Amino acid sequence: MALLTVKGLTKYFGGLRAVHDLSFEVQAGEILGLIGPNGAGKTTAFNLIAGFIHPTKGQILLDGESIAGMKPYAVTRKGIARTFQIVKPFKKLTVLENVTLAAFLRFPSRGEAESQARQVLERMGLGSKVFALAVDLTLSEQKRLEIARALATQPKLLLLDEPMGGLNATEIEQASELVRDICKGGVTIIWVEHVLKAIMNSSNRVVVINQGEKIADAPPGEIVENPQVIAAYLGTKKS
Amino acid sequence: METFFQSIVSGLLTGSLYAMIGVGLTVIFGVMRIINMAHGDMVMFGMYGAFLSITFLKIDPFISIILWIPIAFLIGAFIYRFLLKNIVPAGELNTLLYTAGLSLFIANFVLFVATGDYRTIKLKYAIMPLRPFGISVPIPLAIAFGMAILVTVALYWFLVRTDTGRAIRATSQEPEAAALMGVNVDRMAIITFALGTALACGAGVLLAPSLYLYPTVGEILVAKCFVIVVLGGLGSVPGAIAGGLLLGVAESLGAVYISVAYKDAIGLIMFLLVLLFRPSGLFGVGKS
Amino acid sequence: MRKIVIALAVLLLFAAPWIVSSPFFIHLMIMVLMWTVLGASWNILGGFTGQVSFGHSTFLGAGAYTTMILYLKLGIAPWYGIPIGGLVAALIALPIGFICFRLRGPYFALSTLAVAEIIRLVALNWESFTNGPVGLLITTLPDVTFGGRSIDWENKVPFYYIIAVIALAAIVATYIMSRTRLGAYSLAIREDIDSAEAIGINTVQTRVAALSLSAFFAGVAGGFYAMYFRYIDPDAVFSIALSVEMVFIAVVGGLTTVAGPLIGAIVLVTFGETFRQIFLVGHLIFYGLMMMIVIRYLPEGIWGKLRLWFVARH
């Protein structure tokens, strides 16, 4: 059984069709890339899976259990964590407090939550910044903080929304490395990204969305040769 | 049946003034996203202005409006330029709290200076109401209604036919795009706030002969204002006009057919329902 | 060091009526402490979770009427009525929270204002229950002995000690909250409610819990108000003015701090009550002015700023 199954997922905002009859599966231990031109519906799909918006039609199953229509906090408790495209740290709190808050979900005692948080922060390379205020970090550090916070909830599935946005070439390489490491640590990943080189190099499989519909679902090697994908991307910058 | 028509007419008359106050508030919110808790106190200011005009200057309040609207415009410009402009970057909530402070300051200052005694304006020509078709229409309210219509028409002309007016509407819909098009957003903000203040104050002058004057009347008026503006859709001028008339009529009918006591509750309940279930206003034209 | 200061403060709190005995001064201190409770109550919601309520007088009024009605109609002494009033307030906070928390920011604030006004109108008109605009009056408080002596309710000192205990409880409760998960989750909601949801925080539940706790203390303060002033009517205890004053005390003092409401109350109430003694009207003028100054120049409040300044120097 797949870890995540999305079947016939459809979302209308009034008359606007954002996502239409979207279906795909994610196996445990995979890195699934989700790509598509701007406005294709990728972030909408994420918001639907994470519970921030509710589908007009369709099913979302985690380990066979339906999670469509659940509130975001409930979805997180079930084991799906997400990051935001534009980072949303708890600005006036410290790095440690940011992640401890997330760790509280699985470790109700403050002492345990804090030590869990420290561990995650070490893995993310933020160990030396634990007492800095979130607002004072660089963008790359804030992105890592966002991921650390998500990981502290011990998810089965991590949704990464454009983690590379705004990063330079070195940082992108480090981020790709990080994504692979997280997956090796036992977390399945769905990854939306515009930096195609990164996503093609690190994903097991790629789903391509255009205008709310899936137009391809294959390993990276095949995707690059797919004429529909190339047509959809005509004019898009590749990194 | 006659009672019904009487209610409607009374409601529309009062509603026209509610509309004028509401338009001022909605236009300020639309352009600058400021929720102005001091708006009611601007109305109060107009009311006292009218009172001063007739008591000390012996000028009829309806004539004094010519004096008070420009003064209010300047005061509004001053308040925005020197007080509010610095607060807006701190966010909607901080601005709300700031204007709440401003409101308390203004109301209590007037309370201190003028004392809390209820005052009324008695006009010699206004003792007996008019009776068209058997419906009682108090003269001051009728004049106010007429002038409110004039002001609304003038406002419409301004917003639709003049460059500045169109710039204001553009800024209200898309501030960034407007700025890119060369609109001086900052100047629009001052003009809009001044305009909103002038409308509120003008409504106060017109209302003065029909209501009791006291310094904290702004409190209740601002609550009604928000009801109107939310009903009509935040930022929408036609919405505020419709909302004002609707509230006036609803209160009037409510007073007759439900109870005088709970008439204010009607507006408040409608307000909550709209906020919860139709935040873009009854007509769906507002922004949230 | 801090513990010594706190111990001294508590000592001072209980010794104060022995040091100054003028009735005006004791009244002033009672008012400062009562408003500390109200400010602390507002701070629990508005400071910690960042949800700005303009309708907290609902809970004050609920507590006041509960205490009054229990005493006048059922003979239950106010010292039982006051905590019951707090519980009633905490209970009505639940449906209010579930309705109003669907809204955010300024819209939440306006909705709380609307709810408060509706409740005031209900209290004004439900005469069989609340006596309407006539209000409720306590003519005599119960005969009671404490430490072997009969309490003289004409003297303000017994009231001082009652409110001192309540104020201490409110401050301690705020402190405990700041150290628990409720407090931490509340801060997360204040910072970014979507992020809070994303890390598994049930934001509705947390906000309702904070609101209930906040309402409890406002209700308790309301019960005290009824007992001290001995007269209440809907326009006195359900007014927008009271709601707004609570906001000001908390904001001027310093949001999310434990001692902020106390400082806010000391600054605003001292000035206000003294002004009221001399000029009788317009005492809130200072509140408005301070609010504008604080929002513009001291957004973390007077106490918040002092604390930052302290930290910077050490």
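The values are calculated or read from the model by the stated rules, or taken from the named source; none is laboratory data. In this text the structure is predicted, and so the values were computed from the model without any measurement. Glycine also receives a Cβ, built like all others from the backbone with ideal geometry; neighbour counts cover every protein chain displayed.
Structure notes:
- Conditions (1) farther than 18 Å from residue B:207 by Cβ; (2) away from every other protein chain (no Cβ under 14 Å); (3) part of a helix (DSSP H, G or I); number of the one not met by residue B:128: (3)
- Any pair with Cβ under 8 angstrom, 6 or more apart, that starts in region C:173-190 at a residue that is within 11 Å of chain A (Cβ to nearest Cβ) and ends at one that is part of a loop (DSSP other than H, G, I, E, B) and of a type in the set (A, V, I, L, M): C:185/C:201; C:187/A:93; C:188/A:93; C:188/C:199; C:188/C:201; C:189/C:201
- Among the residues listed as A:76, A:10, the single one being in contact with a strand residue (DSSP E or B) (Cβ under 6 Å, 6 or more places away or on another chain), at pLDDT 90 or above and among the polar types (S, T, N, Q): A:10
- Of all residues in region B:67-103, exactly one satisfies the criterion of being within 7 Å of another protein chain (Cβ to nearest Cβ) and assigned to a loop (DSSP other than H, G, I, E, B), namely B:87.
- The set of residues from region A:127-158 being free of Cβ contacts under 8 Å to residues at least 60 places away in the same chain, in contact with a helix residue (DSSP H, G or I) (Cβ under 6 Å, 6 or more places away or on another chain) and part of a loop (DSSP other than H, G, I, E, B) comprises A:130, A:132, A:152.
- Residues of region B:132-148 that are surrounded by fewer than 16 Cβ atoms within 10 Å (Cβ to Cβ) and closer than 15 Å to residue B:207 by Cβ: B:146 alone.
- Among the residues of region B:254-279, those that are more than 10 Å from every other protein chain (Cβ to nearest Cβ) and either farther than 22 Å from residue B:233 by Cα or not in a helix (DSSP H, G or I) (or both) comprise B:254, B:255, B:256, B:257, B:258, B:278.
- Within region C:1-53, being among the aromatic types (Phe, Trp, Tyr), part of a helix (DSSP H, G or I) and surrounded by 17 or more Cβ atoms within 10 Å (Cβ to Cβ) holds for C:35, C:42.
- Residue among B:282, B:234 that is facing chain C (nearest Cβ under 10 Å) and closer than 17 Å to residue B:30 by Cβ: B:234
- Condition met for residue B:246 (within 14 Å of chain C (Cβ to nearest Cβ) and assigned to a helix (DSSP H, G or I)): no
- The single condition from (1) modelled with pLDDT under 90; (2) hydrophobic (A, V, I, L, M, F, W, C); (3) over 20 Å from the mean Cα position of the chain (by Cα) that residue B:62 fails is (3).
- Meets criteria (crowded, with 16+ Cβ neighbours inside 10 Å, touching a helix residue (DSSP H, G or I) at 6+ places or on another chain (Cβ under 8 Å) and outside any helix (DSSP H, G or I)) for residue B:106: no
- Breaking point among (1) touching a helix residue (DSSP H, G or I) at 6+ places or on another chain (Cβ under 8 Å); (2) outside any helix (DSSP H, G or I); (3) modelled with pLDDT under 90, for residue B:188: (2)
- Within region C:193-222, the set of residues being among the acidic types (Asp, Glu) and buried (at least 21 other Cβ atoms within 10 Å of the Cβ) comprises C:197 only.
- Taken over region A:112-132, the residue count meeting the criterion of being among the acidic types (Asp, Glu) and closer than 24 Å to residue A:176 by Cα is 1.
- Put simply, of A:116, A:154 the only residue that is on the phi > 0 side of the Ramachandran plot and within 14 Å of chain C (Cβ to nearest Cβ) is A:154.
- The C-beta contact set for region C:278-306 (first residue farther than 18 Å from residue C:256 by Cβ, second residue of a type in the set (A, V, I, L, M) and assigned to a loop (DSSP other than H, G, I, E, B), distance under 9 angstrom, 6+ apart or interchain) comprises C:292/B:87; C:296/B:87.
- The set of residues from region B:22-66 being of a type in the set (Gly, Ala, Ser) and in a loop (DSSP other than H, G, I, E, B) comprises just one member, B:38.
- Residue match in region C:243-255 (condition: without any contact (Cβ under 8 Å) to a residue 12 or more places away in the chain and under 18 Å from the mean Cα position of the chain (by Cα)): no
- Odd one out for residue B:117, checked against (1) surrounded by fewer than 14 Cβ atoms within 10 Å (Cβ to Cβ); (2) within 14 Å of chain C (Cβ to nearest Cβ); (3) in a helix (DSSP H, G or I): (3)
- Of everything listed in (1) aliphatic (A, V, I, L, M); (2) out of contact with any helix residue (DSSP H, G or I) (no Cβ under 7 Å at 6 or more places or on another chain); (3) part of a loop (DSSP other than H, G, I, E, B), the single unmet condition for residue B:183 is (2).
- When B:251, B:219 are checked against the criterion of being within 13 Å of chain C (Cβ to nearest Cβ), at negative phi, more than 14 Å from the chain's Cα centre (by Cα) and among the charged types (D, E, K, R), a single residue qualifies: B:251.
- When residue C:256 is tested against (1) more than 29 Å from residue C:134 (Cβ to Cβ); (2) modelled with pLDDT of 90 or more; (3) more than 14 Å from chain B (Cβ to nearest Cβ), exactly one condition is not met: (2).
- Subset of region A:84-105 [more than 8 Å from chain C (Cβ to nearest Cβ), closer than 16 Å to residue C:188 by Cβ and not in a strand (DSSP E or B)]: A:87, A:95, A:96, A:98, A:99, A:103
- Filtered residues of region A:2-25 (kept if aliphatic (A, V, I, L, M), surrounded by 19 or more Cβ atoms within 10 Å (Cβ to Cβ) and over 11 Å from residue A:60 (Cβ atoms)): A:3, A:18, A:19
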